[in-house]
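Comments concern the structure below.
The values are calculated or read from the model by the stated rules, or taken from the named source; none is laboratory data. Quantities reported herein were computed from a predicted structural model and do not represent experimental measurements. Don't worry about glycine lacking a Cβ; one is built from the backbone with ideal geometry, like all the others, and counts go over all protein chains shown. Note: accessible area is taken over every heavy atom of the protein model, side chains too, but ligands, DNA and RNA are not part of it. Shrake-Rupley method; radii C 1.70, N 1.55, O 1.52, S 1.80 Å.
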Amino acid sequence: MKDKLRIGLCVPNYNDDCKFMFAFSLWKTKFPDGAAVRLVASRAQWACNALTMMVTEYIAWGADFFVILSNDIAWNPNDITLLIGHNLPIVGGWASGRCHPFLCHVCDYYDSEKNAFRPVKNEDAAKRMGVEKIYAHGGEMMVIRRDVFDKIPYPWFFGPEMIGKDRLVTEDYFFAKQAMKYGVDIYVDWDVPIKHAVNGMTTHKGVLIA
C-alpha cells in the first residue's frame, strides 16, 4: 500500500563536506504529516549525473515530490513543507551566491537573443514577498512535482544544449531552459530565504576586501 505522500530528498554532494547548519536544518525539518521521506546523497559525481541517478531511483520508489538541496545551506523547519504545500511544478526558496558580489540565484527574465538569464538584484529580492513565477532558479533548494519528469525528457539535468558558444551551462540553468522548452513553470517563494555558506572571501587587517 502506497504511503499518503512520498518525498525524495536529493543531495548531490561532490565531496564529503557537510556544513553543520545543513545537518542541523535537516534534523529539525518538519515534513508533512504521514509522509514517507527518503534521503539519497552522492559523492564524487557532477551534480547533473547525481541528480539523474537520484530522480531515477525515486521514480521507481514512487515519489510524489523531489526536494533538491545543496549541502551548504540552512533553512527553517517548516520551509520544505511550505513549498510542497504550494503543489507547483517547480518552486524553491531563494539564496545568494557563494562569492562576491553574492548575486541572487533567482532570475526573473530570459534574454533569448543573448541566451542569458537575468538575476534579481539583491536589494529587490530582500523586499519581495509571496510566490512569484520566474525563469530560473539557482538550485539551493527546489521542490519538483513528480509530473515534471514526464514532461521534461530523460536525462532531465544534462544534454547537448549544455554546451554554449563560449561556456558550459550548469545543470540548474540547463534544467530551467528545459522547463521553458517543455512548458513547465518555475516559481520562487520569497518568504523562504535560504542561508548559504560563503566561500572565497578575502580579508585584510580584519576587513572584508573581496
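Here is a yes/no grid of residues against (1) within 20 Å of Asn76 (Cα to Cα); (2) over 19 Å from the mean Cα position of the chain (by Cα):
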{"residue": "Gly8", "(1), (2)": "yes, no"}
{"residue": "Val11", "(1), (2)": "yes, no"}
{"residue": "Asp17", "(1), (2)": "no, no"}
{"residue": "Pro32", "(1), (2)": "yes, yes"}
{"residue": "Val37", "(1), (2)": "yes, no"}
{"residue": "Gln45", "(1), (2)": "no, no"}
{"residue": "Cys48", "(1), (2)": "no, no"}
{"residue": "Leu51", "(1), (2)": "no, no"}
{"residue": "Tyr58", "(1), (2)": "no, no"}
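Checking each residue in the range 58-77 for being out of contact with any strand residue (DSSP E or B) (no Cβ under 6 Å at 6 or more places or on another chain), within 17 Å of Arg6 (Cα to Cα) and touching a residue at least 40 places away in the same chain (Cβ under 8 Å) picks out Ile59, Trp61. When the range 18-35 is filtered for residues that are more than 22 Å from Arg145 (Cα to Cα) and surrounded by fewer than 10 Cβ atoms within 10 Å (Cβ to Cβ), the ones remaining, listed by number, are Phe20, Trp27. Exactly one residue out of Lys121, Lys114, Lys151 is more than 19 Å from Val11 (Cα to Cα), of a type in the set (D, E, K, R) and touching a residue at least 24 places away in the same chain (Cβ under 8 Å), and it is Lys151.
For the range 157-182, the candidate set comprises residues that are in contact with a Cys (Cβ under 7 Å, 6 or more places away or on another chain) and closer than 17 Å to Glu140 by Cα; within that set, the residue that is least open to solvent (accessible area, probe 1.4 Å) is Phe157.
Residues that are among the polar types (S, T, N, Q), within 29 Å of Ser25 (Cα to Cα) and in a loop (DSSP other than H, G, I, E, B) occur in the range 195-206; there is at least one.
Give me the strands (runs of 3 or more DSSP E) completely within the range 97-171, filtered to those with at least 3 residues that are aliphatic (A, V, I, L, M), ordered by residue number. Explain how you work it out, then say what you get.
Details: elements: 106-111, 116-119, 131-134, 141-145.
Filter on the range 97-171 gives 141-145.
State all residues of the range 1-21 that are touching a residue at least 60 places away in the same chain (Cβ under 8 Å) and either out of contact with any Pro (no Cβ under 9 Å at 6 or more places or on another chain) or among the polar types (S, T, N, Q) (or both); if no residue qualifies, say none.
Within the range 1-21, the first condition is being touching a residue at least 60 places away in the same chain (Cβ under 8 Å), and the residues that meet it are 2, 5, 7, 9, 11, 19, 21.
Passing the criteria: Lys2, Leu9, Val11, Lys19, Met21.
Matching residues to (1) surrounded by 13 or more Cβ atoms within 10 Å (Cβ to Cβ); (2) in contact with a Cys (Cβ under 9 Å, 6 or more places away or on another chain); (3) farther than 23 Å from Arg6 by Cβ:
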position	(1), (2), (3)
Glu113	no, no, yes
Phe117	yes, yes, yes
Phe149	yes, no, no
Tyr154	no, no, no
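Take the conditions open to solvent by less than 70 Å² (accessible area, probe 1.4 Å), in contact with a Pro (Cβ under 7 Å, 6 or more places away or on another chain), of a type in the set (Lys, Arg) and modelled with pLDDT of 90 or more and apply them to Arg128. Does it pass? Spelling it out, it is not the case that Arg128 is open to solvent by less than 70 Å² (accessible area, probe 1.4 Å), in contact with a Pro (Cβ under 7 Å, 6 or more places away or on another chain), of a type in the set (Lys, Arg) and modelled with pLDDT of 90 or more.
Screening Val188 on (1) aliphatic (A, V, I, L, M); (2) open to solvent by 10 Å² or more (accessible area, probe 1.4 Å); (3) farther than 15 Å from Leu51 by Cβ shows it passes everything except condition (2). The set of residues in the range 153-165 being within 20 Å of Trp46 (Cα to Cα) and of a type outside the set (Phe, Trp, Tyr) consists of Pro153, Pro155, Gly159, Pro160, Glu161, Met162, Ile163, Gly164.
Quick check on Asn15: is it within 23 Å of Arg98 (Cβ to Cβ), open to solvent by less than 30 Å² (accessible area, probe 1.4 Å) and outside any helix (DSSP H, G or I)? Taking the combined requirement at face value, the residue does not satisfy it.
Of everything in the range 46-93, what is polar (S, T, N, Q), open to solvent by less than 40 Å² (accessible area, probe 1.4 Å) and assigned to a helix (DSSP H, G or I)? Give them in sequence order. So that I can check it myself, show each step before the final result.
So in the range 46-93, the residues polar (S, T, N, Q) come out as 49, 52, 56, 70-71, 76, 78, 81, 87.
Among the residues that remain, those that are also open to solvent by less than 40 Å² (accessible area, probe 1.4 Å) are: 52, 70-71.
Selection gives Thr52 alone.
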